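Just below is one structure, and these are the notes that go with it.
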Amino acid sequence: MAFVACWHFVEPAIRWLAHPVGTFYFSTPYEAFMCRIQVAGAMAVAVAFPIAAFQLWKFIEVALEANERKMALSILPASCALFYFGGLLAVFGVVPIGAKMLLQFGGPVLHPLISLDSYLSFVIWMAIGFGVFFQVPVAVVVLSRLGLINPHKLSNYRSHAIVATLIIAAVLTPGPDVISQMMLAIPAYTLFEVSLIIARRVARPPKS
């Protein structure tokens, strides 16, 4: 149902995706149609993700104890929100800026001939990577609640966290431009600090 609904927005989505690169090309007779399927499918997954997460929760809920269900119910909405936030930051912020920066390396001799299929793979990979990377605060809070890490000691490693954040941001972001790297690194490290504050309140003594 989500796929059918999203199919009507495929053309505007492709036009929006084309802004940073100008024009897309396709090299096989069926590539244009398959790319439209991919765009509609990606949008449908994003739209239907909360419903799928709810169904998964109802499946595993019966196997959890009362305190585990309470913790999961408080973590799952934050996890979904952070995944969406990371994906939207990638799609609407980092990808357009990064694509424009990368295309500038072409110069007067090298001209881009970008297919929609390759660009879609690039966008989807970035969105998933950002969404997963933004799960770090959830992991910190959960591990602290379970007593597996000590947030008070973890705060002593802020310099390590900054370096790790910058390295991961450099790997996930397209090209060598600093702007797109900072667009990931700054929110990610801010979320790390917020997660430490929350973790201190919910932490249990670490297991020996």
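Can you bin the stretch 71-208 into rounded, prolate or oblate? Criterion: square roots of the alpha carbon gyration tensor eigenvalues sorted a ≥ b ≥ c, rounded for a/c under 1.5, prolate for a/b above b/c, oblate for the rest. Verdict is prolate for the stretch 71-208.
Measuring nothing but how far apart in sequence close Cα pairs (under 8 Å, 6+ apart) lie, relative to its length, the chain scores a relative contact order of 25 percent.
Applying 1/(1 + (r/R0)^6) with R0 = 41 Å to the Cβ-Cβ distance of residue 53 and residue 25, what FRET efficiency is obtained, to the nearest 0.05? So the FRET efficiency works out to roughly 0.65.
For the chain, take the longest principal axis of its alpha carbons; what is the angle in degrees between that and the long axis of helix 66-89, to the nearest 10 within 0 to 90? So the inclination is approximately 30 degrees.
Summing Cβ point charges (Lys, Arg +1; Asp, Glu -1) relative to the Cα centre of the stretch 2-202 gives a dipole of roughly 560 debye.
Residues considered: 94, 141, 47. Largest GNM mean-square fluctuation over the chain, using C-alpha springs under 10 Å, is found at 47.
Any read-out appearing in this document is the output of simple, stated calculations on the displayed coordinates, not a laboratory observation. Because the structure is a prediction, the values reported are computed rather than measured. For neighbour counting, all protein chains shown are included, and Cβ atoms are generated from backbone atoms with ideal geometry for every residue, glycine included.
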